[in-house]
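Asker: Below you will find the structure I want to go over with you.
The values are calculated or read from the model by the stated rules, or taken from the named source; none is laboratory data. All values reported here derive from a predicted model rather than from experimental measurement. In this analysis, Cβ positions are derived from the backbone assuming ideal geometry, glycine residues included, and neighbour counts consider all displayed protein chains. The protein model used for the area step is the full one, side chains on, heavy atoms only, and it has no ligands, DNA or RNA in it. Shrake-Rupley method; radii C 1.70, N 1.55, O 1.52, S 1.80 Å.
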Amino acid sequence: MAARRISSLLSRSLSAPSAPSASTPLLLSRGKNPITGRGVYRFSNAAALEETITPPVQISYTQLLINGQFVDAASGKTFPTHDPRTGEVIAHVAEGDAEDVNRAVAAARKAFDEGPWPKMSAYERSLIMLRFADLVDKHRGELAALESWNSGKPYEQSAKSELPSFARLFRYYAGWADKIHGLTVPADGNHHVQTLHEPIGVAGQIIPWNFPLIMFAWKVGPALACGNTIVLKSAEQTPLTALYAAKLFQEAGLPPGVLNVVSGYGPSAGAALACHMDVDKIAFTGSTETGKIILELAAKSNLKAVTLELGGKSPFIVCEDADVDKAVELAHFALFFNQGQCCCAGSRTYVHERVYDEFVEKAKARALRRVVGDPFKKGVEQGPQIDSEQFEKILRYIKSGVESNATLECGGQRFGSKGYFIQPTVFSNVQDDMLIAKDEIFGPVQSILKFKNIDEVIQRANTTRYGLAAGIFTKNVDTANTLSRALRVGSVWVNCFDVFDAAIPFGGYKMSGIGREKGIYSLHNYLQVKAVVTPLKNPAWL
């Protein structure tokens, strides 16, 4: 397989970052854009001009977790994990490979086949998950600091939004643990028929770097609730919080071997997990291209069950009756949240021609007000991109937009002189055949397109290989109903965006994935259904 392709694990989002503080000045100056040579606004703000803030947390866990013990990689290798604010090394983490995956799978297999996890009562399993959620609340500050330090997302977002959601997800799945049951099925003839819902076995899970903790919960929560054991590979860019969370699970009483965490690269550790003959199920969140590889490896090995939560190019449709100010703010959030690094980001902003010009001017003004800087600075809305590879990719897409004759309204440049910060960027006059309108950029680049009527925008919105999500902004319930049923996507947000709840399913149509995460639907990913048939003699009823 191509050496680095599997290592690109992308995706996610949650709720809104805090508004910028009134005391945080935004300084604007006029200058030449090195890409275009044209005059555009150059962003700067006080938060970015200060020295970087030292995160209030110690790095305690950098080894692999296998069979309840933190251990070095079999090879003895480590790899650096970086601070995206500066590019500097935070820590060196054990680099797992195929041999470590073998060790982890063996531990998970023993814990599943011999117990005690699947042999515990479901109530006992739920109590351990609830104790873990309590420990998450106790250590919220450390987890939030690690998450922001490793990924670059604003600390306020991690602490106030993502960590509460993380704990809530595990309490939700703990509640499901003792409510998983089969059916009694009426059948022709004198037979008693029942169905059993049984754990699938050893689950391999590969999570992305954009929402490391949230994706940990989406994968680990339902798998544990159903009685499975797990080998989880974290993204090489963000390995720290998975190891910390796994340690808290040990403290909560999770038996050894039930949850194993292997940090490492996609082509080695990820590929080894996807093609392992003793893994019963693989769950992956990331890019569509890598998802194809995962599916191929699973099919060529033991035909293991696969769920994939992949890329997106979600339309955000602003109708002619929209309150433009509110639409601008919501569209801004839909695209720029989490530095634009969301698989479901509203990255194709379709605006009705009647309000288009007003929308563009206000969208540009809102982007210019966006506060970029150190994610540990209070009031910062946007931190750095995850790494140099993503940083350079986004800048190439911006250059492509300019060369395609889209209008660069603002941004388009690096922000600051160190780290991986990019100015909030807005393009207008975008056409459907431009790369910035077709490809998943995964960065702070808003593309605004014009449309004339509902039938037209439905056709254009659906003309994509993706089908993950969509946003609709309208006051007309008939318009909302028409669009929500016509758009071929897994999630539709009407007059809102990125509303996530533990009970709301998430997943995509077309090349955005297979299966659903969260809610009752996520349990189906980790269960087998068995029919048991026995004869009845002289039954009183059938």
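Asker: Give me the one-decimal nm value for the distance between modelled label points at Lys138 and Ala299, 7 Å along each residue's Cα-to-Cβ direction.
Answerer: Computed distance between label sites Lys138 and Ala299 equals 4.8 nm.
Asker: Moving on to the next point. Relative to the first principal axis of the alpha-carbon coordinates of the chain, what is the inclination of helix 98-113, with its axis defined by its Cα atoms, in degrees from 0 to 90 and to the nearest 10?
Answerer: Relative to the chain, helix 98-113 is tipped by roughly 50 degrees.
Asker: Show me the ranking of peptides 107-117, 371-381 by mean Cβ neighbours inside 10 Å, starting with the highest.
Answerer: Per-residue Cβ counts within 10 Å, averaged per peptide and sorted highest first, yield 371-381, 107-117.
Asker: Tell me, what ³J(HN,Hα) does each residue in region 215-222 have, in order and in whole Hz, if you take phi through Karplus 6.51 cos²θ - 1.76 cosθ + 1.60 with θ = phi - 60° and put x for Gly and Pro?
Answerer: Using θ = phi - 60°, the values come out as 5, 4, 5, 4, 8, 6, x, x Hz.
Asker: A further question follows. Calculate what fraction, in whole %, of the accessible area of the chain sits on carbon and sulfur atoms when a 1.4 Å probe is rolled over the protein chains.
Answerer: Answer for the chain: carbon and sulfur cover 52 percent of the accessible area.
Asker: Quick one: 3J(HN,Hα) in Hz for region 284-291, Karplus 6.51/-1.76/1.60 with θ = phi - 60°, rounded, Gly and Pro as x.
Answerer: Coupling constants for region 284-291: 9, 10, x, 6, 5, 4, 5, x Hz.
Asker: Okay, next question. Taking the chain as the reference, fit the longest principal axis to its C-alpha atoms, fit the long axis of helix 163-176 to the helix C-alpha atoms, and give the angle between the two in degrees, 0 to 90, nearest 10.
Answerer: 30
Asker: Please work out the average accessible area per residue across the chain, using the 1.4 Å probe convention, and give it in Å².
Answerer: I get 38 Å² per residue for the chain.
Asker: Over all directions, how big on average is the projection of the convex hull of the alpha-carbon atoms in region 148-297, in square nanometres?
Answerer: Here the figure is 11.5 nm², rounded to one decimal.
Asker: Could you pull out every residue, at least 5 positions away or on a different chain, whose amide H is within less than 5 Å of the one on Ile504? Hs are placed 1.01 Å off N in the peptide plane, and Pro or chain starts have none.
Answerer: The list, which skips near neighbours in sequence, is Gly519.
Asker: Hand me the tally of lysine pairs in region 134-266: alpha carbons under 20 angstrom apart, and the pair either on different chains or 8 or more positions apart.
Answerer: For region 134-266, the number of qualifying lysine pairs is 6.
Asker: Determine the principal axes of the Cα atoms in region 150-221, then give the extent along each, sorted from largest to smallest and rounded to whole angstroms.
Answerer: On the principal axes, region 150-221 reaches 63, 23, 15 Å in Cα extent.
Asker: Ranked highest first by average number of other Cβ atoms within 10 Å, how do 282-293, 70-81, 504-515 line up?
Answerer: Most protected by this proxy first, the peptides run 282-293, 504-515, 70-81.
Asker: Let me ask something additional. Just to confirm the number: angle between the C-alpha axis of helix 388-403 and the first principal axis of the chain, 0 to 90 degrees, nearest 10?
Answerer: 50
Asker: Taking amide H positions as placed in the peptide plane 1.01 Å from N, state which residues far from Ser287 in sequence (5 or more) or on other chains have amide H under 5 Å from it.
Answerer: Amide H neighbours of Ser287, under 5 Å, 5+ apart: Leu10.
Asker: Oh, and also: Rg to Rh ratio, region 87-222, alpha-carbon atoms and Kirkwood radius?
Answerer: Taking Rh as the inverse mean 1/r over Cα pairs, Rg/Rh reads 1.08.
Asker: While we're here: Pairs of Cα atoms under 8 Å, at least six residues apart: use those to get the relative contact order of the chain, whole percent.
Answerer: Computed over the chain, the figure is 21 percent.
Asker: Please label the shape of region 214-373 as rounded, prolate or oblate, based on the square roots a ≥ b ≥ c of the eigenvalues of the alpha-carbon gyration tensor (a/c under 1.5 means rounded; beyond that, a/b larger than b/c means prolate, else oblate).
Answerer: Cα axes put region 214-373 in the prolate bin.
Asker: Would you please give the residues with an amide H less than 5 Å from that of Phe316, counting only those at least 5 places away or on a separate chain, with H modeled from the backbone geometry?
Answerer: Here Arg348, Thr349, Tyr350, Gly471 satisfy the definition.
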